[in-house]
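Everything below concerns the one structure shown next.
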Amino acid sequence: MKIGVCGIACEKCPKMTKGNCPNGDKGCTPKENKFCKVATCAYQKEIKLCFECNDFPCELTKQSPISYGYCLYLVGKV
């Protein structure tokens, strides 16, 4: 199972299941990516997953396929 930068399993990601993933079958990885600000941010911060960032959840997190409310739950902010 591949895990995207946002932390969701690529096989369950809405972009992947609709065939709209900019990385095709590779899924999201931390790299410069004009189609994904989340992947670019992780690359610039040299992390593999958003969850590893001290700023998680952030405004960019709201653009990921994971519910922002769930991200807040994960870090104990709700």
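The values are calculated or read from the model by the stated rules, or taken from the named source; none is laboratory data. All of these numbers come straight from a predicted model, not from anything done at the bench. No Cβ is skipped: glycine too gets one built from the backbone with ideal geometry, and neighbour counts run over all protein chains shown.
Remarks
- Filter result for Ile8 (among the β-branched types (Val, Ile, Thr) and modelled with pLDDT of 85 or more): no
- In the set (1) at pLDDT 90 or above; (2) over 9 Å from the mean Cα position of the chain (by Cα), Tyr73 fails one condition alone, (1).
- Residue among Gly19, Gly7 that is under 11 Å from the mean Cα position of the chain (by Cα) and on the phi > 0 side of the Ramachandran plot: Gly7
- Selection count, the stretch 1-39, where residues are crowded, with 17+ Cβ neighbours inside 10 Å, assigned to a helix (DSSP H, G or I) and touching a helix residue (DSSP H, G or I) at 6+ places or on another chain (Cβ under 9 Å): 3
- Per-region count, the stretch 40-56, residues buried (at least 16 other Cβ atoms within 10 Å of the Cβ), within 11 Å of the chain's Cα centre (by Cα) and not hydrophobic (A, V, I, L, M, F, W, C): 1
- Single residue of the stretch 40-78 satisfying the filter (of a type in the set (S, T, N, Q) and part of a loop (DSSP other than H, G, I, E, B)) that is nearest to Lys15 (Cα to Cα): Ser64
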